[in-house]
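The values are calculated or read from the model by the stated rules, or taken from the named source; none is laboratory data. Quick caveat, the model's predicted, so the values are computed rather than measured. These area figures cover heavy atoms from the full protein model, side chains too; ligands, DNA and RNA do not enter into them. Shrake-Rupley method; radii C 1.70, N 1.55, O 1.52, S 1.80 Å.
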Amino acid sequence: MSSQTTNDGGIITGPSTGTIVWGLVAVAVSLLVLLSVIFGLSFDFGQVLIVLLIGSGLALVAGGIWGVLRTRDKAAADPYRSSDRDTP
């Protein structure tokens, strides 16, 4: 598990969006290989690759937008963060 630090010193724990998306891509590829071995199914490599790349790209963009919105919501909920205060 990775951890990221925020500008105000707080710690956001948990995996990043990229880790989750690429983990899901690895699981999808392994399931396709397993299906092809067990049931003898055949897949067009080019089409599978295109679908995986489009899906992972959309998931990464959606995760990035979600992260920005989540950070923006936290900033709006706490207008007196320590980084915004004037110190003498």
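In terms of modelled amide H atoms, which long-range or inter-chain residues lie less than 5 Å from the amide H of S16?
Amide H to amide H, under 5 Å and 5 or more residues apart or across chains, S16 pairs with S2.
On the full set of protein chains, 1.4 Å probe, figure out the accessible area of V68 and give it in Å² to the nearest 10.
80 Å²
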